[in-house]
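**Q** First the structure, which I've put down as structure tokens, then a few questions once you've had a look.
Bear in mind these aren't lab numbers, they're just calculated from the coordinates by the rules spelled out. Since we're looking at a predicted model, the values are computed, not measured. Counting neighbours? That spans all protein chains shown, and the Cβs are built from the backbone with ideal geometry, glycine included.
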Amino acid sequence: MLLIFLGVLLILVLYIIGQYNNFVVLKTRIQEALSGIDVQLKRRADLIPNLVETVKGYAKHEKEIFENVTKARSNLIKAETLEEKAKANNELTEALKTLFAVAEAYPQLQASENFKDLQRQLEDTEDKVAYSRQFYNANVLDFNTKIQMFPSNIIAKVFGFKQFEFFAANEEERKKVEVKF
């Protein structure tokens, strides 16, 4: 009888250890995915000054637009929480739409190889941000689902694992940014 009790206890302890380790792996994947988003947002922010300078060369009188883009970029760099990053990313997306709308009025700018290259890099980065967010959200879904399912929800409570927020896009951001030449 004692052997059966010890066997059941050992199985229970191994199960708890396995579940705990599974939570740790999922949490680490979420952190890695969030890091991937940060890398792509930084890459995007790093492209902005070159883009602004290129457009400035052709549209010197559009000072307010350049200031808005620069301010939005600065907010993105300073953002620390997921909510701040999402908000700053949305602001930058809106500012860039305005910048590209201005660029349409300058055919010489659109013909510039530097401008075309920057647009391609920015579009590529936008795609990478989307993929990074998708990867992050998939990991958050796995983690949050596990926290809610029985019996792993008990282990999550005991060890203090909390749900993560999804990195959601607002309605305006869900629309594909058009890059026209």
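**Q** Taking the chain as the reference, fit the longest principal axis to its C-alpha atoms, fit the long axis of helix 113-148 to the helix C-alpha atoms, and give the angle between the two in degrees, 0 to 90, nearest 10.
**A** 20 degrees
**Q** Could you list M1, M149 in order of exposure, starting from the residue whose Cβ has the fewest other Cβ atoms within 10 Å?
**A** Details: M1 5, M149 10.
Starting with the residue having the fewest Cβ neighbours, the order is M1, M149.
**Q** Counting helices only, and only those DSSP H runs with n ≥ 4, report the 222 nm mean residue ellipticity of the chain as the sum of -39,500 (n - 2.57) divided by its residues, in deg cm²/dmol to the nearest 500.
**A** Working: 7 runs with 146 residues, N = 181.
That comes out to -28000 deg cm²/dmol.
**Q** What list do you get for K157, K87 if you sort them by fewest beta carbons within 10 Å? Can you show the working numbers first?
**A** Numbers: K157 11, K87 15.
Arranged by neighbour count, lowest to highest, K157, K87 become K157, K87.
**Q** A follow-up question, please. Subtracting the Cα-Cα distance from 0.36 nm times the residue separation, let me have the gained length for L9 to A111 in nm, one decimal.
**A** Details: separation 102, 0.36 × 102 = 36.72 nm, distance 7.24 nm.
Length difference between fully extended and current span is 29.5 nm.
**Q** Just want the ordering: V55, V129, from fewest to most Cβ atoms lying within 10 Å of their own Cβ. Walk me through the numbers on the way to the answer.
**A** Numbers: V55 23, V129 20.
Ascending number of Cβ neighbours within 10 Å: V129, V55.
**Q** Simple spin-label model, 7 Å along Cα-to-Cβ: L2 to Y131 in nm?
**A** 6.0 nm
**Q** Hey, of (i) 1.22; (ii) 1.59; (iii) 0.96, which did the structure itself give for Rg/Rh (Cα atoms, Kirkwood Rh) when calculated?
**A** (i)
**Q** Applying the Karplus parametrisation 6.51 cos²θ - 1.76 cosθ + 1.60 with θ = phi - 60° to the phi angles of segment 155-165, what ³J(HN,Hα) value in whole Hz is obtained for each residue in order, glycine and proline being reported as x?
**A** Values, residue by residue: 5, 4, 5, 4, 9, x, 6, 10, 5, 9, 7 Hz.
**Q** Separate question: Where does helix 63-78 land angle-wise versus the long Cα axis of the chain, in degrees 0 to 90, nearest 10?
**A** Tilt of helix 63-78: around 20 degrees.
**Q** In the structure shown, do any of K27/K116; K97/K162; K71/K146; K85/K116; K27/K78; K87/K146 have a Cα-Cα gap over 31 Å, and if so which?
**A** Working: K27/K116 39 Å; K97/K162 37 Å; K71/K146 40 Å; K85/K116 27 Å; K27/K78 24 Å; K87/K146 28 Å.
Pairs exceeding 31 Å: K27/K116; K97/K162; K71/K146.
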